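Only the coordinates and a few stated rules stand behind these numbers; no lab work does. Here the structure is a predicted model, which means the values were calculated and not measured. Every residue, glycine among them, receives a Cβ derived from its backbone with ideal geometry; neighbour counts consider all protein chains shown.
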Amino acid sequence: MNVIRVALADDHNILREGLSMLLRKQDYIEVVAEASDGNEALSIVRQHRPDVLLMDIAMPEINGLKAIGMVHAIAPETKVVILSSYEKDAYVHQALDAGAIGYVIKGASSVELLEAIRNAAKGKFFLSSQVQADVIHSYVKNHKKDQPKPRDSYNQLSDREKQVFSLLIEGNTGTKIAEILCISSKTVDKHRASISRKIGIDNPVKMVQYAIRHGLIDPSIWED
């Protein structure tokens, strides 16, 4: 695996230092710079052009949501993963709409965080499982009476791809899917790329929305 160059932006010093220690223990991650506010975040992106910027939303000077577009203007190749304590679906939608490729809540496990970074480096979306559930729950409330749409694109998937798709929309990480199906993570990535190409979706939330719209899962499983 190629080394992933990561920059951190969070105004809480203790949290940022803890994250830095965790990431520096991974032999495939290089922490290239740290920032404590939005202006510093833009400065380190301009100077270091990291592969992944792990950034909080609530920061002084420029908040994370506003900074996402600025980061992409400076370094289009830098992928932004939001690390936030905000779990409401409105923040997630704003972050994704602004161009973030991942959204991880601060209560997530280190396994989820590291997977989010690996996915981002590959250009793949990642959402914390709890965030994904909340966003989908909101979607179901507004669309549960919609009539299912044709499944033409879904029917193009192979049997194995349909298995991977089902596990993805349940909120499983690529590592977990590999474990469940007894295949390698690289094979999961290949299946996911093929699924995304065939149905035209890579965003995990939009995949679940697609499954609900096409009658592939019972929306009641996401209701309270």
Checklist entry - What pairs come up if the first residue lies in the stretch 152-171 and is at negative phi and touching a residue at least 12 places away in the same chain (Cβ under 8 Å), the second is part of a loop (DSSP other than H, G, I, E, B) and buried (at least 18 other Cβ atoms within 10 Å of the Cβ), and their beta carbons are under 8 Å apart, counting only those six or more places apart or on different chains? => result 165/157
Checklist entry - Are any residues in the stretch 1-11 surrounded by 15 or more Cβ atoms within 10 Å (Cβ to Cβ) and either of a type in the set (A, V, I, L, M) or without any contact (Cβ under 8 Å) to a residue 60 or more places away in the chain (or both), and if so, which ones? => result 4, 5, 6, 7, 8, 9, 11
Next on the checklist: The conditions are (1) in contact with a Leu (Cβ under 6 Å, 6 or more places away or on another chain); (2) within 17 Å of residue 10 (Cα to Cα), and residue 61 fails exactly one of them. Which is it?
Outcome noted: (1)
Item to check | Qualifying positions in the stretch 64-81 - closer than 20 Å to residue 107 by Cβ and touching a Gly at 6+ places or on another chain (Cβ under 6 Å) | outcome: 81
